[in-house]
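These notes are about the structure you will find just below.
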Protein chains: 2
Amino acid sequence: MMIHASEATVLSALPNLTPPLASCGSLKRLEAHLLAHQPSIEHWLRQQWLQTPAPFYASVDLRNAGFKIAPVDTNLFPAGFNNLNTTSLPMCIHAVQSALSRLCSTATQILLIPENHTRNQFYLESVATLRDVLDNAGYSVRLGSLIPDLHAPQTVNLPSGKSLYLEPVMREGDRVKLQDFDPCIVLLNNDLSSGRPAILENLSQKVIPPLSLGWSNRLKSEHFTHYKQVAQEFAQLISLDPWFIDPLFSYCHEVDFMKKEGEACLAAQVEMLLAAIQRKYDEYGITHRPFVIVKADAGSYGMGVMTVHSPEEIQSLNRKQRTRMAATKEGQKITKAIIQEGVYTFETWGEKNSVAEPVVYMMDRFVVGGFYRVHTDRGVNENLNAPGMHFEPLAFPEPCCMPDKKQDADACPNRFYAYGVIARLALLAAAREVAETEQIPVL
Amino acid sequence: MMIHASEATVLSALPNLTPPLASCGSLKRLEAHLLAHQPSIEHWLRQQWLQTPAPFYASVDLRNAGFKIAPVDTNLFPAGFNNLNTTSLPMCIHAVQSALSRLCSTATQILLIPENHTRNQFYLESVATLRDVLDNAGYSVRLGSLIPDLHAPQTVNLPSGKSLYLEPVMREGDRVKLQDFDPCIVLLNNDLSSGRPAILENLSQKVIPPLSLGWSNRLKSEHFTHYKQVAQEFAQLISLDPWFIDPLFSYCHEVDFMKKEGEACLAAQVEMLLAAIQRKYDEYGITHRPFVIVKADAGSYGMGVMTVHSPEEIQSLNRKQRTRMAATKEGQKITKAIIQEGVYTFETWGEKNSVAEPVVYMMDRFVVGGFYRVHTDRGVNENLNAPGMHFEPLAFPEPCCMPDKKQDADACPNRFYAYGVIARLALLAAAREVAETEQIPVL
C-alpha cells in the first residue's frame, strides 16, 4: 500500500544489494570512483549550470544493478514531493528561492497548475507539499485548475489534514488569472500529455517549465540522446566507461500496436539492443540475461511499458498486451516507441526482499532528497512505476550531498551521493533539452 | 559545560518565555505580524539581496525580551558551526554552492584561514565542521594558519574524532599558497582583531570576507547605524515601530578605562540612552528596569562588556572592572565604546530556568540554522557571550524557513521564522557595510 508523506517510513536500514553478484565489486568501484573525483565532479557541474541553467524541478528514476547505476526516466513535472523526508523540505524551500530569484526576480505571485486527476490523493498530497514549499519560500501561491468542467472553486480535503483549493483558470488578453489574482509566474505541475492547452499559449507571464517540455512535444529518445552526450563528457572527465551510467537505447517512430504496424522495426531494434547489451555483459563478465524495456517515447505514468527478453516476444504479443501498449495517459495513442536497455534493480528492502528503486528529486541545481519505490510483487527486471501498481515510498534517511570518505564507498551517505550525481547528469540532459526547445520559435 | 556538535543536545522543547510578562502579548503580536506579512517580507528581502549581495556567512546573536526581538551582535567570521543541528548541514552545503557560484564561479580550491588560538577545541570543532561543509560542497579545502611560529604543518586531533591539518601560509608574489596548493579563494574565519595581516594584503586571489571587515577596521556602531536604517525601512514595509526590532545605541570614541578618560562622555550617553529606553518602556507599559550594555566598539568574543543600570556605575568602576573593560581579544586596547540598549532575554530552558539566547547562522542569503546559548549562571540582563563563561549549545530543532500559519504565532516553527527574519535584517545591514567598505580604496 502506498502511504502519504506524513506517514512515510524513514529507512532505518538502506536497501541491500542482492543477490550477491559476481560483479558486485563494480558498483562499489563506481561509487568509490565518484567519491574520489568529487571535487572535479562538482566543479564540472558548476560550469555546466553556468552554461545551461538547471530546470526549475525534476525527479529522476534510477536503477541500481550493482554493476551499473543509470537513469531510466526523467520527469520535468515531478509528483511525489509528499514522499520526501521532512528534512528535505528546507532544502526545497531554499532551492525554490534560488531558482525563482534567477528566473523571475520580481515575482511575488505564483499560479500552480496541477494535473487534472483530482481523485488521486497521493498526487494531490504532492501538490499540497509543493504548494507549502512555495508558500514557505515567501510567495503567494494559488492553484489554477485546467479541469474543463470546473466552473467554480473546489476544495479537496486530503488524508494528511491539508486541503487544496482548486480555482478555474481564466484568460484575460495575454495573461492567465484567478479571481483577484494576477500571477507573475505560471508553474506547471501538469505534464500536458493531452496537448498544449490553448489557454496557456503566448502568455506574457513566465511559464515554468516551458510548454514545449510537456509530453505532447517531448520524446524520451531526445532526452536520452542528450543524456548519452552528457554521460560521455562526464565519463571522459573521470575516466569511466559511460556504459556504467548510461542505458543503451533505440527507437521506432511509426508503430501501431493494435494494427501490428512497425513490428519489424521494433523486433529488429530489440534484437540489436539485446546483442549490444550482451557484448557489454560479456566485456565485464556479467552473467545475467539481457533485457530491454519497450515504452511510449512520449509516455509517462509508467503506462505503455513492457519488459522484453527476445525479439520474438514482440511478434507474439496477445491482444491484452497490445491494448496495454497502444495508449498512454489520457488515452493518447502510442505511435512512437523507445527501446531502452533494461537495467536490473538489485536493491531490495525488508524481510520480503522487496524490489526497491530510487527516485531522486532536484529543484534548481540542487538535489533536495529522494525516496525508494518499494514493490513487494514485482521482479528485478520490471518497471516499478506502473499504473495500478502500489508501492511503498521510503524516504531517503540522509541527504545526497554529504558523502563521507571515512565510510565504506557503498555506505548510506556515499550511495546517496552517487545517486545524486547520476540524477544531476540526467538533470543536465534535461537542461540541454530545455535550452534546445527554447531556441525553436513556438508556433 | 559547553559540548561539541556531535553531542549537541537537540531541543525537545522550545525555551519558554518567562516570567509571564504584563506585555507578553507583544511578542506574540510581533511574531504574528511577521507571519502575516511573510510574502511581502520575503519579496522585500529578495529585492534587497539583488541590490546588495549577502555576505558569505554570518551569525547573529539575538535577544528575545518578549516585547522585543533584536540583534545585539553580528559576527562576519562565525564560529559555532559545530553547534548546529546536523540537519542544518545540507542547507549549509547548498548555500555555500550558491554563494561561491556567485562570488567566484571558477573556483576549485579554497584556503580556509582560522583563528590562531589552537587550544580552543570548541572553536576548532567549528573549523572542522566548516571545512567539511566546504568539502561536501565540492571544493578542495586546506587550512592555512597565520600562527607566527608555525613553520611546519601541524595536526590537531579533536574530541569528535575529526582532525585538523594546519599548514603555514606562504606568500608568493601576489598570491598566498600552501605546499602544492594554489587556492582561488581565501576564506577568512579569522576576525583580524590584531590587525590586517600583511601577508593577505593586495592579493590577486579573492578574499572572503574582505579584509576591511575585520575587527581592526570594523565598528559595531557602524553596523548598528546600518541596522537602524534597515530596521526603519523594514518597519515601514510592515507598519511596525522599529524599536520592537532595533536596540537603541550611542557611542564614545575616546575612552581609556585605565586612565579614567572619556568617563564623562560614557556617563552622559548612558544617562541619555536609559532615558530614551524608559520613554519607550512607558509608551508600551513595560515595567522592567531599563539597562544598557557598554562594550568595545571594535570588540568581539564578548570581551570588554558590562551591564549598566545608571550613569553612576560608570564613575564608580573598581580597578578589576576597569581592567576587564580596557582590552579585548589578543590584548587590543579599547578606546572606542558602544553603549547599546540592553535587551532582556526572557527565554529560559530546562528545570533550572537557565537563560537562553538564540544565535542564528546564515550562509549566503539563507538562514541555515541556529542554536541557543544556555547559561545556568547568568542573569536575564547579562551578556551571554563572555570569555570564560561556559554555555550549553542547544541546536534549533527545526529550520527557520518553515513557518506554519496553522500553529500558534509563537509555536516553534513560527518563533524560529521570526528569528530568521530579524537575523536576516542584521545580515542585510552587514551586506551594506561590506558594500560601503568595498567602495573605499584599500591603502
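Side notes on the structure shown:
- Dimensions of the protein assembly as shown based on its C-alpha atoms, expressed as ranges along the principal axes with the largest first, amount to 101, 67, 52 Å.
- Averaged over A:93-102, number of beta-carbon atoms from partner chains that fall within 10 Å: 4
- Of A:Lys406/B:Lys162; B:Lys220/B:Lys336; A:Lys68/A:Lys406; A:Lys280/A:Lys405; B:Lys260/B:Lys336; B:Lys228/B:Lys295, those spanning more than 20 Å from alpha-carbon to alpha-carbon: A:Lys68/A:Lys406; A:Lys280/A:Lys405
- Counting neighbouring beta carbons within 10 Å and listing from fewest to most, the residues B:Glu382, B:Glu341 come out as B:Glu382, B:Glu341.
- Charge dipole (Cα centre; +1 on Lys/Arg Cβ, -1 on Asp/Glu Cβ; no other charges) of chain A amounts to roughly 140 debye.
- When A:Cys252, A:Cys400 are arranged by Cβ crowding within 10 Å, least crowded first, meaning fewest neighbours, the order is A:Cys252, A:Cys400.
- Label-point separation, A:Ala264 to B:Arg196 (7 Å along Cα→Cβ), nm: 8.0 nm
- Extending 7 Å from the Cα toward the beta-carbon at both A:Arg175 and B:Glu351 defines two label points whose distance is 6.1 nm.
- Acute angle (nearest 10 degrees) that the helix B:24-36 long axis makes with the longest principal axis of chain B, alpha-carbon atoms: 50 degrees
- Summed side-chain charge close to A:Ser145 - residues other than A:Ser145 whose Cβ falls under 14 Å, Lys, Arg +1, Asp, Glu -1: +2
- Total formal charge among the other residues, if their Cβ is under 12 angstrom from that of B:Gln229, Lys/Arg +1 and Asp/Glu -1: -3
- Charged-residue dipole, Cβ positions (Lys, Arg, Asp, Glu), the protein assembly as shown about Cα centre, Debye nearest 20: 0 debye
- In a DSSP loop and with at most 14 other Cβ atoms within 10 Å, the trypsin sites (Lys or Arg not before Pro) in segment A:284-368 are A:Lys352.
- FRET efficiency for A:Tyr165 and B:Gln407, using Cβ-Cβ distance with R0 set to 22 Å, rounded to 0.05: 0.65
- With a 10 Å cut-off around each Cβ of B:36-44, the average count of Cβ atoms from other chains is 4.
- Antiparallel bridges, percent of DSSP beta bridges restricted to segment A:86-216 (to nearest 5): 35 percent
- A simple rule links phi to the HN-Hα coupling: the Karplus curve 6.51 cos²θ - 1.76 cosθ + 1.60 with θ = phi - 60°, which for segment B:309-325 gives 10, 7, x, 4, 4, 5, 6, 9, 5, 7, 4, 4, 5, 4, 4, 5, 8 Hz, with x for Gly and Pro.
- Across the copies of the chain, B:Ser194 has label points (7 Å from Cα along Cα→Cβ) spaced 7.4 nm apart, shortest distance listed first.
- Amide hydrogen neighbours beyond the local backbone of A:Asp73, cut-off 5 Å, H modeled: A:Asp61
- Cβ-defined net charge surrounding A:Cys252, 12 Å radius [Lys, Arg +1; Asp, Glu -1]: -3
- Least to most buried among A:Ser221, B:Ser59, B:Ser160, B:Ser126 (fewest other Cβ within 10 Å first): B:Ser160, A:Ser221, B:Ser126, B:Ser59
- Cα centroid of segment B:186-225 to Cα centroid of segment B:57-105, whole Å: 18 Å
- In degrees, nearest ten, helix B:412-439 long axis to first principal axis of chain B (Cα): 60 degrees
- Once the Cα atoms are used to define both axes, helix A:121-136 deviates from the longest principal axis of chain A by about 60 degrees.
- For chain B, calculated [θ]222 nm from helices alone, where every DSSP H run of n ≥ 4 adds -39500 (n - 2.57): -10000 deg cm²/dmol
Here, each number is a calculation from the coordinates, and none is a lab measurement. Note that the coordinates shown come from a computational prediction; the quantities given were computed from them, not determined experimentally. Don't worry about glycine lacking a Cβ; one is built from the backbone with ideal geometry, like all the others, and counts go over all protein chains shown.
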